[in-house]
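Take a look at the structure set out below.
Here, each number is a calculation from the coordinates, and none is a lab measurement. Values in this document were obtained by computation on a predicted structure and should not be read as measured data. For neighbour counting, all protein chains shown are included, and Cβ atoms are generated from backbone atoms with ideal geometry for every residue, glycine included.
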Amino acid sequence: MTIQQVPRLIEVYRSPRRRRADEHSLVLQSMSVPHFAVQQGIDHVLLVEEHFEQPARDQLALYDRERGLWTRVAAVPGNWWSGLYALLAFAVALALVNALDFVSAFALDWRAAGIAVAGRLLDAEPWRAVTALTLHADAGHLASNLVFGGFFVALLAAETSAGAALTAALVSGTVGNAWNAWIQEPTHRSLGASTAVFGVIGALVALEAVRLTRARENWMRRLAVFGVGMFLFGSMGFGGERTDVLAHACGFGAGVPAGLLLGWLGARMRGRSATSATLALGCLLALAACWTVALLPR
């Protein structure tokens, strides 16, 4: 019996745009280069057998030069249902906690229990890094984070999943608050979801940088993405006298590795509703647990 060796397949082209992948597939067909067109998550990929790799790459490179085409990653059509779910969860969580704080529900001082006091957070009350994210100074502060925060959380959710976006917001906001507390004086006090919002912006920037790298864009385009992120930070991160700029910077910095991780996971995060639901439930339980501990009598 003769055992035939399965040929090794090499990737020669990848794009989130099906039309662009079809164009490059036609180029290979016209030059009689056998190939396979497959879909991997959100990307459309062209594969060839190993001994056809160089001819395929040569023909595709020639086509791109002649047509003046750049392998560009455009905005990938996202799953806006995921964005809507994440937006609703984000808004409900913030609105609920602030309503409870406003009416001093259960005769408790929610603000005193949950605000991030740097010294206490680092000493023995780490849950304040979480609870402070859901408290706001006034209605204007809350409205600002609901509008801008909800927008960016929805964007990240549309590109990944609702659960992934909410997890990135909670983790980057928590790490950002802890980092900020470590830098600030022990008496420093902070509250608000803006640390998490800037964490989401950092995650979006890093996620897009990963996509550009995978598409083999030049380094200037990759740096331009971070330039956009810094522009957003500069235009939104500096507000009035009460704005905690350092907390915003810490949140942004904490969000970057979250975005890199999401970029590395790529399409594996999309289309998995069970995983997304598990992550979202984990965020809810973590938030509830932190507030429960914060409100326990001492």
The answer for the net charge of residues other than L100 whose Cβ lies under 13 angstrom from its Cβ, with Lys and Arg +1 and Asp and Glu -1, is -1
Hits in the range 40-56: amide N under 20 Å from the 7 Å Cα→Cβ extension of R8, namely 46-56
The base-10 log of I(q)/I(0) that the Debye equation returns for the range 9-67 at q = 0.21, 0.26, 0.28, 0.30 Å⁻¹, one scatterer per C-alpha, is -0.72, -1.09, -1.23, -1.36
Amide H proximity to H44 below 5 Å, modelled H, separation 5+ or other chain, gives S15, R17
For the range 125-200, the convex hull over Cα atoms projects on average to an area in nm² of 4.9 nm²
For the A112, T213 Cβ pair and Förster radius 41 Å, calculated FRET efficiency rounded to 0.05 is 0.35
